[in-house]
1. As an exercise, take the mean of 1/r over every pair of distinct alpha carbons in the stretch 78-117, invert it, and state the Kirkwood radius in angstroms.
2. For the chain, give me the percentage of DSSP beta bridges that are antiparallel, rounded to the nearest 5 percent.
3. What relative contact order, as a whole-number percentage, does the stretch 163-215 give when Cα pairs under 8 Å and 6 or more residues apart are counted?
4. If R₀ is 35 angstrom, what is the calculated FRET efficiency for the pair Val91 and Ala114, using the beta carbon separation as r and rounding to 0.05?
5. If I model a spin label at Ala58 and Asp45 as a point 7 Å from the Cα along the Cα→Cβ vector, what separation in nanometres do I get?
6. Of the residues Gly171, Gly65, Gly135, which exhibits the maximal mean-square fluctuation in a Gaussian network model of the chain defined by a 10 Å Cα contact cut-off?
7. Long-range amide H contacts for Val50: which residues qualify at under 5 Å (H placed 1.01 Å from N, peptide plane, sequence gap of 5 or more or a different chain)?
8. To the nearest 20 debye, what charge dipole does the chain have about its Cα centre, counting +1 at the Cβ of each Lys and Arg and -1 at the Cβ of each Asp and Glu?
Amino acid sequence: MEEKTLDLRLQKHIDLLVQRYPKLKSITSSIISAYEVMEQTFSTDHKLLVAGNGGSAADSEHIAGELMKRFRTPRPVTPDFAKRLCEIDRVRGPQLTKNLERSLMAIPLVAHEALSTAYINDVDGYGVFAQQLFGFGRPGDVFLGISTSGNSQNIMNAVVVAKALEIKVIGLTGANGGELASTADVVVKAPETETYLIQELHLPIYHCWCLMLEDKFFGKYDQSKGDKVL
């Protein structure tokens, strides 16, 4: 398999990932490809939509949580926005300026219980993610479907809608890949076949994505010294 490389700022995260989880070395190319899709999405002010079932539903919310606020790097608001806050409210503005953190927009499609349960009850249980993707998604967004088997039908229905909306699809699966592997724009296959072992590898993969994205959009980096300057 052709190896892919990143610039020094981002490659360090892949190197650390492989150092800690040597088993993932064989899939670094696909991990980087998926990152590049997300980078392009956020670079054009679009968003990430995430869904999965069971443990993968928890992972969906986990990913969104890491992207919507700081993971490791401070994300202060811009001076212009800070100025507007303070002009609007001289008391609350300075506190908001201090506490607000810039986000990379990520929506977990598993988190809207009223909508989800109404749709499941009234229409179709297998279409619950597809409906939300249809409502939230716009061309230029990216859908991250997490399925250890790669065959979750509610994920696959969402993939069809994503394709129709011109939304790129990243699949995060186990070693077999399933149907998702043949339809996603990029598939990342954790090299395990048992569900809990696959899930144990999914977490460091998406943590690596979150670190790289945060470094790209909020990190200041001195290429000549190889040091991050916060």
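The values are calculated or read from the model by the stated rules, or taken from the named source; none is laboratory data. This structure is a prediction, so every number in the text was calculated from the model and none was measured. Positions of Cβ are backbone-derived with ideal geometry, glycine not excepted, and every protein chain shown enters the neighbour counts. The protein model used for the area step is the full one, side chains on, heavy atoms only, and it has no ligands, DNA or RNA in it. Shrake-Rupley method; radii C 1.70, N 1.55, O 1.52, S 1.80 Å.
1. Numbers: mean 1/r = 0.0810 Å⁻¹.
After inverting the pairwise mean of 1/r, the radius is 12.3 Å.
2. Working: 2 of 19 bridges.
Once the DSSP bridges in the chain are tallied, antiparallel ones form about 10 percent.
3. On the way: 55 pairs, mean separation 14.8, N = 53.
Value for the stretch 163-215: 28 percent.
4. Numbers: r = 34 Å, r/R0 = 0.98.
Calculated value: 0.50.
5. Distance between the two pseudo-spin positions: 3.7 nm.
6. Gly135
7. Hits under the 5 Å cutoff: Ile107, Leu109, Leu144.
8. On the way: 25 positive and 28 negative charges, 194 e Å.
Dipole size: approximately 940 debye.
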